[in-house]
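Asker: Please find one structure pasted underneath; my questions will follow.
Rule-based calculations on the coordinates, nothing more; no lab input. Computed from a prediction, not measured in an experiment: that's the story for all the values here. In this analysis, Cβ positions are derived from the backbone assuming ideal geometry, glycine residues included, and neighbour counts consider all displayed protein chains.
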Amino acid sequence: MIFEIATLLQDILDQTPAGLKSKDVPTLDEERVIHDAANAQKAEQVEKERQEEQAQLRQEEEQALAQMMEQEKTRLAKRKGKPLNATDNVSNEDDIPGTLSFDQSVPVKTPNGAVIMLRTVYNKVKYRQGPVSTVFMVQPWVRREENESPEDAQAPSFLVLKECHVELQKNEESMKKHIQNLEARLDRLKTLG
């Protein structure tokens, strides 16, 4: 019986030798090459998807970190009572302890007559105190541009800073109006001087 099966298989194979040698049917080596290429392409696609997922996770982490930093900056600004300016960037002046940054730049005349815009002071030392205000001696923080000579950026050694103490009122609207009124008066005084 085994002999009969073997002869039948041999007859079938003898009748279709051209079909096996046909270019339509790939050989085992060709099938292996095709299979390996498909596996390599699939592995490459899986790796690409993994890298895209990692990039997306990294971007989400960076956004979360930036949001946390912004929240911490806002929290610290509220704690210090300093208004937060959206244009504040981390800079060298932040490395100096005891700096005080203003909301607006203040024009200051240098010893050689030039006018510089000052936004930050440091080394605040109490000079005199009154019932409503305190006077401090401060040093100006001047950033020198790369194309600027040291003489152009030379600021005064010390400046006088006067802090006014405003008592908080229960009515927030009236307090805001008083502060805005005080700022308007100070701006008018600044233009007179």
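Asker: If we count every other residue with Cβ under 14 angstrom of GLN67's Cβ, Lys/Arg +1 and Asp/Glu -1, where does the sum land?
Answerer: -3
Asker: Continuing with the same structure: First measure r as the distance between the Cβ atoms of VAL25 and ILE5, then evaluate 1/(1 + (r/R0)^6) with R0 = 22 Å and state the FRET efficiency to the nearest 0.05.
Answerer: 0.40
Asker: While we're looking at this one, here's another question. Could you tally the net charge around GLY130, taking each other residue with its Cβ under 15 Å from the Cβ of GLY130, Lys/Arg +1 and Asp/Glu -1?
Answerer: Result for the local shell: +1.
Asker: So, one more: Quick one: order SER157, SER101 by neighbouring beta-carbon count within 10 Å, fewest to most. Provide the component values of the computation, followed by the final result.
Answerer: Numbers: SER157 9, SER101 16.
Lowest to highest Cβ neighbour count: SER157, SER101.
Asker: Which pairs break 26 Å Cα to Cα here: LYS73/LYS176; LYS48/LYS73; LYS126/LYS177?
Answerer: LYS48/LYS73; LYS126/LYS177
Asker: Further, regarding this structure: Determine, for LEU76, LEU28, the number of other Cβ atoms within 10 Å of each Cβ, and report the residues in order from fewest to most.
Answerer: LEU28, LEU76
Asker: Now, a different point. Have a look at GLN63, GLN41, ALA77 and report the one farthest towards the positive end of the charge dipole of segment 21-83, computed about the Cα centre with Cβ charges (Lys/Arg +1, Asp/Glu -1).
Answerer: With unit charges placed on the Cβ atoms, the residue in question is ALA77.
Asker: Could I ask something else about it? Assuming 0.36 nm per residue, please report the length gained on full extension of the stretch GLU72 to ALA38 beyond their Cα-Cα distance. Don't jump to the answer; show the numbers that get you there.
Answerer: Working: separation 34, 0.36 × 34 = 12.24 nm, distance 5.06 nm.
Length gained, GLU72 through ALA38: 7.2 nm.
Asker: For every other residue with a beta carbon closer than 14 angstrom to the beta carbon of ASP36, add +1 if it is Lys or Arg and -1 if Asp or Glu, then tell me the sum.
Answerer: Around ASP36, the surrounding residues sum to -2.
Asker: By counting other Cβ atoms within 10 Å of each Cβ, how are ILE5, ILE116 ranked from fewest to most?
Answerer: The order, fewest Cβ neighbours first, is ILE5, ILE116.
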